[in-house]
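What follows is a set of notes on a single structure, which appears directly below.
The values are calculated or read from the model by the stated rules, or taken from the named source; none is laboratory data. Computed from a prediction, not measured in an experiment: that's the story for all the values here. Heads up, the Cβs are rebuilt from the backbone with ideal geometry, glycines too, and the neighbour counts pull from every protein chain shown.
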Amino acid sequence: MPRPISVTVSLPAMRHNLAAVKNQLSRTASTPTRIWAVIKANAYGHGITQAMQAFAEADGLAMLDLDEAVRCREAGWRKPILMLEGYFEPADLPLYAEYGLVPAVHHGEQLDMLQAWQAPRALDAMLKLDTGMNRLGFQPDDYARAYERARQLQHAGKLSAVGKMTHFARADDDLTTTLEQLRRFERATAGMPGAASVCNSAATLTPGPWLDLGRQEPQWVRPGICLYGASPFAARSAASLDLQPAMTLTSSLISVRRVRAGEGIGYGHVFVAPHDMTVGTVACGYADGYPRHAPTGTPVTVAGRPCRLVGRVSMDMLIVDLAPVPGVAAGAPVVLWGEGGPSVDEVARAAGTIGYELLCAVAPRVPRSMTSLPGA
Ligand SMILES: *Cc1c(COP(=O)(O)O)cnc(C)c1O
């Protein structure tokens, strides 16, 4: 028998989450809005082809990797594909043309590459402005010049539609900063026609003026994490946002033992039994993608009951306190996160990280299965 660990991806949950986002936008966005479902990093660890099916009702997909974009086209995705970092070298451009990809254009060298290119057909592009993330995009003072260059490239038949985008640094925790970024965006792009795109999950799920940019052309929002059923906010659970977990990581107890008071448990004996206790060993460790920094107390569900991790996570195993489930034996089911267990956000919080990182980090050695869409 293979090791009992596995990861299950629920396409119905992903489809539900997209519908939940649309539903909320229908109430909160005052202008027409389209959705680029963000599927970078192998769809946050859920699988590109799975995401393509689950997000069939999205208006477009957004990602980074040229190979993944080509795979989506070859698997039949016909709607727009936004490439969040754009092209990296001139040799990428023919693929952009062949597959109809929309680059984010964020620095002058990318415009130079376009200018030097013998374009077989014009590309749509999103011209990116840095409004305070200080990561990617033209500075506000350089934006008008970049936009003017993009207009010239339109006349030269190398670009067709040119939109405007930026990215928020603190939409999850500080709306004052977010408003300031929005003001910079509006100032720097004033009088420049084209579709706007500014919202990640946190901004998409927060009513506010960042949802009112579709007055001339529909705006595009770019939700990622929420589509996978995790929360972008530290203080709001995914469930309270009507999101369903798309990924469930399960395993089993492979051993149960009594430990006497005063005995240390696991590497470094960082946990010492305060009293006689029963503990179970779970076939899941950091080589499976479980965070090694998850401390004693991190929630783990055993046989349907909330339990806690004790001691250090090892490469292939972790140990749980079985006090809440007296009598369970080896073979009992364990949910590390997802449906029927703690949320990935709760585990992440305990481990000092965010759900995004855990979802992306599940190791290739963990066998995968999926819950298909009805009728698929
Ligand atoms: C990752 C990313 C998103 C999606 O962010 P979430 O927080 O997962 O919603 C949107 N836009 C850009 C530019 C990104 O890099």
Every residue from the stretch 229-253 that is assigned to a strand (DSSP E or B), buried (at least 23 other Cβ atoms within 10 Å of the Cβ) and either among the small types (Gly, Ala, Ser) or within 13 Å of the ligand (Cβ to nearest atom) (or both)
Ser251
Identify, from the list Val282, Val270, Val198, the residue that is away from the ligand (no atom under 16 Å from the Cβ) and surrounded by 18 or more Cβ atoms within 10 Å (Cβ to Cβ).
Val282
Looking at Leu359, Leu336, can you tell me which residue is hydrophobic (A, V, I, L, M, F, W, C), out of contact with any Pro (no Cβ under 6 Å at 6 or more places or on another chain), part of a strand (DSSP E or B) and touching a residue at least 24 places away in the same chain (Cβ under 8 Å)?
Leu336
Tell me which residues, restricted to the stretch 182-196, are in contact (Cβ under 8 Å) with a residue 40 or more places away in the chain and under 30 Å from Ser240 (Cα atoms).
Leu182
Residue satisfying all of: in the stretch 261-292; outside any loop (DSSP other than H, G, I, E, B) and small (Gly, Ala, Ser); nearest to Pro306 (Cα to Cα) among these
Gly280
Kindly indicate which of Leu93, Leu101, Leu129 is within 14 Å of the ligand (Cβ to nearest atom) and modelled with pLDDT of 95 or more.
Leu129
Pick from the stretch 60-90 the residues that are acidic (Asp, Glu) and more than 16 Å from the ligand (Cβ to nearest atom): which of them is farthest from the chain's Cα centre (by Cα)?
Glu89
Do you know which residues across the stretch 26-41 are farther than 16 Å from Pro218 by Cα, in contact with a helix residue (DSSP H, G or I) (Cβ under 6 Å, 6 or more places away or on another chain) and surrounded by fewer than 20 Cβ atoms within 10 Å (Cβ to Cβ)?
Ala41
List pairs: first residue in the stretch 52-73 and in contact (Cβ under 8 Å) with a residue 60 or more places away in the chain, second residue within 13 Å of the ligand (Cβ to nearest atom) and part of a helix (DSSP H, G or I) anywhere in the structure, Cβ distance under 9 angstrom, at least six positions apart or on different chains.
Ala54/Asn17; Ala54/Leu18; Ala54/Ala43; Ala54/Leu227; Phe55/Leu18; Phe55/Ala43; Phe55/Leu227; Ala62/Lys40
Hits in the stretch 202-213 (condition: within 8 Å of the ligand (Cβ to nearest atom) and either in contact with an Asp or Glu (Cβ under 9 Å, 6 or more places away or on another chain) or without any contact (Cβ under 8 Å) to a residue 12 or more places away in the chain (or both))
Ala202
Please pick out the residue among Cys199, Cys226 that is assigned to a loop (DSSP other than H, G, I, E, B), in contact (Cβ under 8 Å) with a residue 12 or more places away in the chain and either closer than 21 Å to Thr31 by Cα or out of contact with any strand residue (DSSP E or B) (no Cβ under 6 Å at 6 or more places or on another chain) (or both).
Cys199
